């Protein structure tokens, strides 16, 4: 319950901080930190417009996408406190419930028959496919290291290890942050600010969505960032008491948003064919973590 | 020989242009161009003379600084041999002649419509029923972009044939912006109307087209512009070059999602165009250039102001370009993207900056000098690779060069003289050609007058006319997601092409 509240709270300012950081870095004042939330509230008050060429799939897709992110959020723990749902192997549930959402957002985009949206869908599918091994090798290694298979147990056992497990946690944090960037289609893989359909990944898939549906998609995006932020926090939090852990959680989320904003301000986007290479590199970092885990647990013969 | 050699901005009598039959006209012009990379066709157009069509071909020779003009008379029913089969640079001119007068070529590669001009020969052909180059393959897919684009830009249609992310073919169809500018030059009788019309040919080359028209008109009226007038024109051309190049650098940064470059270059454009406003009351210099007068004399005080503006501008520009050109993520997007080979560039007859980035030396400022450029002893900046990086780099170097020219110019501001207005009307039955190097490249205006000295034909060639094809070729085998950066690195004009 605690993690659910904290993630929702963090989601309200995460994207706002990214935008604010980018504004300040380019010499502008920028909108308020809560502007994205206000935008979503405005969208929720509107009706949606549907193209005549779309079917029920297109109408269904945003809702399922949002629901999948929401359910995924329920399994994320906060320190010692479990998520609302917690069972053995819940990280597999987490990955594939997000996968269902992604699947629907992809077929929703294909349903419009728009040539841009088809391109965006194929890119998004490719990147998610490459990101999946990175996530599973990483979570598998952590499970191997700790001997547990649910998020909450893995994270609470993680801090008990030697200093090498903290080194692994730093690498894991990097992989999670990059997966968050891929999942949310942010720089350096995708430029969320561009107006050029041909270079878009995620934005082009939602070109036909409007009003309430668009609000749902945006909200899901904000939540996703906060979810990954929470997972990264969990890597380090361990058994810290709540009165310290909660401020640390918000501090960490704000810091991550700041880092994302700085990356987006001071570098150019990757060339599209470098994206796939870059994502595969994440899997190799995960493999390093896997070998680290083998070393620590003495499973090398 | 069956041609007449003229200089840039020289007026000759129409009867002085030697006329021959199409066969010898063809052989001669063919011989002039093929195998001579220093010669290229600056304009080739036709006009109706009774039931016949008169063709005029103007070939510029960059080494002798001359323009070779020849003409011939053909009838609509004649089927002609085309230059394009061997010389691709004629491809678009011949398509235009075909579109406007219905002249057929027996061996033209593709008589595709150019711009659906209002006065075209075959009115049944419209953009709505145009058969785009298409594919039947199951593996390939087509992507159509435009005519309405995501950014606030002009209309144009791009049709891609892609194999996954890779572009196999791009077809560009323009004409949405056609306003009949050439006809409006004839219909509008007042000089002021025509001068403002010239400024409206392409909104980003106000000074370039304005100066071309002014030179042409003054030459036809036998008027010699004074030193201070030419000084203002040269200065305005260079300021326009800086403003647009800096704006394009900002655009290139936006397209690769480099926010810092986009913001800083975008801001750096402002002091330059604000200075133009200070000078003439308009940020894109509308109203600054008028034939036969120095509308806004450049005073010593303005010179001081400009010097101050540049002193602030230059270090900031250098710092930002230093940063951009050492940023690896930006270079990885620029390098080896959108290649145009020197061979292709020569073949399709590109001009201006696009020619120079493939090591093809085409710069009217040095080959056919006008205004004060012969005194500046302009040396064109050449790059070798022909990729986006070359095009971005050439912008940086040209900005630096223009800054230097402006500093040289304002060190010695000529005293304003009293305007002596044009007293004579244009010479009757004459022909004049004017070339100017705008920021984008060579601008060519040709005018013909009738027996009474009224304007009979006005022909405009914007540098975009040829350069669009270079864009279509450069994106082949590139990723479709790199198209926007390729497009921006050329920054071609839709309205300049569509006229």
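Here, each number is a calculation from the coordinates, and none is a lab measurement. Keep in mind it's a predicted model, so treat the numbers as computed, not measured. Here Cβ is always computed from backbone atoms with ideal geometry, including for glycine, and neighbour counts include all displayed protein chains.
Figures for the structure shown
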{"quantity": "Tensor-based shape of the range B:4-114 (alpha-carbon gyration tensor, a/c under 1.5 rounded, otherwise prolate or oblate)", "calculated": "oblate"}
{"quantity": "Sorted peptide list for B:460-466, B:304-310, criterion being average Cβ within 10 angstrom, highest first", "calculated": "B:460-466, B:304-310"}
{"quantity": "Averaged over A:196-203, number of beta-carbon atoms from partner chains that fall within 10 Å", "calculated": "6"}
{"quantity": "Cα gyration tensor, the range B:283-369 - rounded (a/c under 1.5), prolate or oblate", "calculated": "oblate"}
{"quantity": "Beta bridges per DSSP with both ends in the protein assembly as shown, % antiparallel, nearest 5", "calculated": "95 percent"}
{"quantity": "Backbone N within the range B:39-74 under 13 Å of label point (7 Å from residue B:10 Cα along the Cβ vector)", "calculated": "B:59-61, B:64-70"}
{"quantity": "Sites residue B:384 and residue B:452, calculated FRET efficiency, Cβ-Cβ separation with R0 35 Å, nearest 0.05", "calculated": "0.10"}
{"quantity": "Two-site label geometry, residue B:104 and residue A:24: point separation in nm, points 7 Å out along Cα→Cβ", "calculated": "7.2 nm"}
{"quantity": "Relative contact order %, the range B:4-114, counting alpha carbon pairs below 8 Å whose residues are six or more apart", "calculated": "25 percent"}
{"quantity": "Efficiency of FRET from Cβ geometry, residue B:412 and residue A:63, R₀ 51 Å, rounded to 0.05", "calculated": "0.10"}
{"quantity": "For residues of A:181-194, the mean tally of beta carbons on other chains within 10 Å", "calculated": "2"}
{"quantity": "Per-peptide average of other Cβ atoms within 10 Å, ordering B:419-426, B:327-334 highest first", "calculated": "B:327-334, B:419-426"}
{"quantity": "Sequence-separation-based contact order of the range B:181-498, relative, with Cα cut under 8 Å and 6+ spacing, percent", "calculated": "25 percent"}
{"quantity": "Separation of the residue B:193 and residue A:12 label points, Cα + 7 Å toward Cβ, nm", "calculated": "6.4 nm"}
{"quantity": "Principal-axis tilt of helix A:115-146 within chain A, Cα atoms, nearest 10 degrees", "calculated": "10 degrees"}
{"quantity": "Residue A:122-residue B:336 pseudo-label distance in nm [points 7 Å out on the Cα-to-Cβ vector]", "calculated": "2.3 nm"}
{"quantity": "The range B:1-40 residues near the modelled residue B:64 label - backbone nitrogen below 15 Å, point 7 Å along Cα→Cβ", "calculated": "B:1-8, B:18, B:28-34, B:36-40"}
{"quantity": "Degrees between helix A:272-296 axis and first principal axis of chain A (Cα, 0 to 90, nearest 10)", "calculated": "20 degrees"}
{"quantity": "Per-pair calculated FRET efficiency, R0 = 25 Å: residue A:80 and residue A:294 via Cβ, rounded to 0.05", "calculated": "0.35"}
{"quantity": "MRE, 222 nm, helices only [DSSP H, n ≥ 4, -39500 (n - 2.57), over chain B, to nearest 500]", "calculated": "-12500 deg cm²/dmol"}
{"quantity": "Percentage relative contact order, the range A:2-296, counting C-alpha pairs under 8 Å, at least six apart", "calculated": "32 percent"}
{"quantity": "Cα gyration tensor shape for the range B:181-498, rounded if a/c is under 1.5, else prolate or oblate", "calculated": "oblate"}
{"quantity": "Fewest-first ranking of A:174, B:160, using other Cβ atoms within 10 Å as the exposure measure", "calculated": "A:174, B:160"}
{"quantity": "Rounded tilt (10° steps) of A:163-183 against the dominant C-alpha axis of chain A", "calculated": "10 degrees"}
